Amino acid sequence: MIVTTRKIVIDTNANMDEGFISVYNITPKVHDLINEEYITNGMLTLFLPGTTSGIGTIEFENGLIVDYKKMWQRIVPQDLSYSHKFMWAENNAHSHVRASLMGPSLVIPIVNRRLILGQYQQVVLVEFDNRARNRQIVAQFMGE
Amino acid sequence: MIVTTRKIVIDTNANMDEGFISVYNITPKVHDLINEEYITNGMLTLFLPGTTSGIGTIEFENGLIVDYKKMWQRIVPQDLSYSHKFMWAENNAHSHVRASLMGPSLVIPIVNRRLILGQYQQVVLVEFDNRARNRQIVAQFMGE
Amino acid sequence: MIVTTRKIVIDTNANMDEGFISVYNITPKVHDLINEEYITNGMLTLFLPGTTSGIGTIEFENGLIVDYKKMWQRIVPQDLSYSHKFMWAENNAHSHVRASLMGPSLVIPIVNRRLILGQYQQVVLVEFDNRARNRQIVAQFMGE
């Protein structure tokens with residue numbers, strides 16, 4: 001059995017113009033890690049240590065990314081009256097609420113040294129915070 | 001350590017009458033796989049390779065499925081002006097956005113050769129697409 | 001390879017005053033389990049057997065918990081006309097729909113006997129039901 005833990009590092013920007021949502025396609029970096037590891041069959045767990053960003057999958061097409069950002073602005077608007085902002089000067093309650101709804105982790109099977117993704121399915125980091133962040137995504141491989 | 005990867009195949013229909021959401025109870029197919037595998041303790045990862053469908057759990061009761069579909073139509077309506085549809089003729093931006101919010105994967109522990117589910121908790125494939133699809137869900141068992 | 005399965009037991013309350021949403025910080029109980037287990041590197045899967053409660057992460061700050069509860073009341077209101085309630089006397093369709101959207105499972109990597117969480121990231125059980133429940137969260141450790 002093999003267990004190895006790596007990191008994917010992304011410097012993100014706060015996207016004020018589009019509701020504080022930035023979507024980063026990390027699929028190439030994930031593939032790079034798989035090529036360096038020696039797991040034939042098993043799984044990859046991606047985990048974001050943090051509370052204002054999430055991990056997911058989407059077809060990474062420009063129009064769809066616009067639609068996806070609008071969904072987040074619609075269901076968790078940034079201009080509501082939030083309790084969190086009175087406690088802390090960060091003013092990013094919407095970032096936290098969005099990230100908690102999205103979730104911090106993603107598990108993807110590996111078969112014959114390849115990640116099982118759909119043809120148009122990309123792995124993304126979604127940054128919801130209102131300031132630039134250095135994100136260190138944990139990528140853990142387990143298998144044989 | 002045992003790692004085996006199987007598939008659960010479902011032919012889905014586009015459900016135009018109910019907002020393009022179809023819910024398929026795949027729990028019996030999951031139990032069939034567990035009976036065929038030799039994992040006593042470990043986990044099952046279900047992963048949907050694709051970007052317009054999701055995996056989750058719900059009490060599979062007819063009234064609740066209606067309520068669940070209404071939730072999706074409410075938070076990600078199909079009749080908004082979407083950017084994705086101008087780029088591609090598929091006109092299924094809502095399907096993508098719903099699937100990305102729901103997520104493509106589910107992990108369930110296996111204990112003493114049994115899947116740990118609640119009494120009324122069923123595993124479902126939720127099809128959001130606006131055309132019939134052949135879905136090949138990856139079911140990966142890892143354990144001992 | 002080590003696979004061990006434990007339980008985290010929480011007696012929850014129905015929170016009628018705040019839209020039937022209670023958030024329980026189970027991080028200390030998770031840490032207690034890790035200290036008792038002998039996994040150096042691997043993963044923890046938390047799974048909620050049930051259909052009216054979910055597992056996730058959030059910064060456990062009082063103001064933010066208020067904001068988080070308001071999000072659930074906004075996107076899945078309790079006072080809609082639900083089909084589920086006519087079938088069953090439980091009147092908790094909103095609890096089921098919220099729990100299905102949130103999801104029942106969470107996977108967190110373990111590295112050097114420590115759970116990889118962000119500095120302010122807490123693991124929570126979110127109770128959506130409209131009556132007190134005894135929740136038995138499955139905590140499965142897999143690794144070496």
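The values are calculated or read from the model by the stated rules, or taken from the named source; none is laboratory data. Nothing here was measured: the structure is a model prediction, and the numbers come from that model. When we count neighbours, we look across all protein chains shown, and the Cβ atoms used for this are built from the backbone with ideal geometry, even at glycine. The protein model used for the area step is the full one, side chains on, heavy atoms only, and it has no ligands, DNA or RNA in it. Shrake-Rupley method; radii C 1.70, N 1.55, O 1.52, S 1.80 Å.
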Number of partner chain Cβ atoms within 10 Å, mean per residue of A:116-128: 3
Across the identical copies, how the A:Asn112 labels are spaced - nm, sorted shortest first, 7 Å along Cα→Cβ: 3.8, 3.8
Net length gained if the chain between A:Asn91 and A:Leu33 were fully extended (0.36 nm per residue, minus Cα distance): 17.3 nm
Area accessible to solvent at C:Arg74, 1.4 Å probe radius, in Å²: 90
A:Val124 long-range amide H proximity, modeled H, under 5 Å: A:Ile26, A:Gly56, A:Thr57, A:Ile58
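Under 37 °C and 0.692 mPa s, how fast does the stretch B:1-99 diffuse according to Stokes-Einstein, given a Kirkwood radius computed over C-alpha pairs? Answer in µm²/s, whole number. Spell out each step's value before the answer.
On the way: Rh = 15.9 Å.
Here the translational diffusion coefficient equals 206 µm²/s.
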Average partner coverage of C:72-84, which counts Cβ from other chains inside 10 Å: 4
Relative intensity, log₁₀ I(q)/I(0), of the stretch B:39-144 from a Debye sum that treats every alpha carbon as a point, q = 0.10, 0.23 Å⁻¹: -0.36, -1.26
Column: log10 I(q)/I(0), Debye, Cα scatterers of the protein assembly as shown, q = 0.07, 0.08, 0.12 Å⁻¹: -0.30, -0.39, -0.97
Ratio of Rg to Rh over the stretch A:84-144 (Cα coordinates, Kirkwood Rh, two decimals): 1.10
Other-chain or far-sequence residues with amide H under 5 Å of B:Arg6's (modelled H): B:Ala139, B:Gln140, B:Phe141
Between 0 and 90°, nearest 10: helix C:62-75 axis offset from chain C longest Cα axis: 50
Cross-link pairs B:Lys7/C:Lys70; C:Lys29/C:Lys69; A:Lys70/B:Lys69 - those with Cα-Cα distance over 30 Å: B:Lys7/C:Lys70
Protection proxy ranking, peptides A:76-83, A:7-14, average beta carbon neighbours within 10 Å, highest first: A:76-83, A:7-14
